[in-house]
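Note sheet for the following structure.
Please treat every number below as a calculation from the coordinates, not as lab data. Treat the numbers as computed from the prediction; the structure is a model and nothing was measured. Cβ placement follows ideal geometry from the backbone for every residue including glycine, while neighbour counts extend to all protein chains displayed.
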Amino acid sequence: MAMGSSYENIELVQIVVSESLARLELDDGDSGGIALAVREAVANAIKHGNRADPSKRVEVEVAVGDCEVKIVVTDQGSGFDPQEVKDPLAPENLMRPNGRGLFFMQSFMDEIDYTFLAEGGTRVTLRKRLGELSDDGTKEEKSE
């Protein structure tokens, strides 16, 4: 799904992701965590990546498998260095109004990858493992 860089589109993404996840029997914590992580990724793409420029697009891809949910969010911005993002839990950053999006994404997803595209833009890949397949092909619950 591709959309313009408008904050109103975050709700549309939320609906599509929720519908994609509905067939899975996720507990409320996993479902809510995935939803929040995707919301933050799309908001970051709009605000920080595309600088809310409505002529720039945000693309969201959702892949739901038996053992994993993968969401890819791509913007057309200039990119950033994830290592440069300030720790929102550091005492000097606790009262800052921004800076928690990456923290939430890392908290709720099992894996986050950043790809910086040669033509410009950042691709964020979020992965949540739902369980593993055992040797006999049955699903095993994810262990913490």
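For the chain, the longest principal axis of the Cα atoms and the long axis of helix 9-22 meet at an angle of about 10 degrees. Between the labelled values (i) 1.61; (ii) 1.01; (iii) 1.10, the entry that holds Cα Rg over 2.2 N^0.38 Å as derived from this structure is (iii).
Residue by residue, region 29-41 carries 3J(HN,Hα) couplings of x, 5, 4, x, x, 4, 4, 5, 4, 5, 4, 5, 4 Hz when phi is fed to the Karplus relation 6.51 cos²θ - 1.76 cosθ + 1.60 (θ = phi - 60°); x denotes Gly or Pro. Largest mean-square fluctuation among Pro54, Pro91, Pro82, in a Gaussian network model of the chain whose springs join Cα atoms under 10 Å apart, belongs to Pro91.
Count the DSSP beta bridges whose two residues both fall in the chain, then state the antiparallel fraction as a percent rounded to the nearest 5.
Details: 25 of 25 bridges.
Close to 100 percent.
Tell me the net charge near Ala90. Cut-off is 14 Å between Cβ atoms, Ala90 excluded, with +1 for each Lys or Arg and -1 for each Asp or Glu. Once positives and negatives cancel, what remains is 0. Its Cα centre serving as origin, the chain has a Cβ charge dipole (Lys and Arg +1, Asp and Glu -1) of approximately 760 debye.
Rounded to the nearest 500, the 222 nm mean residue ellipticity of the chain from helices alone is -8500 deg cm²/dmol, with -39,500 (n - 2.57) taken per DSSP H run of at least 4 residues. For region 2-141, relative contact order (Cα pairs under 8 Å, six or more residues apart, normalised by length) works out to 25 percent.
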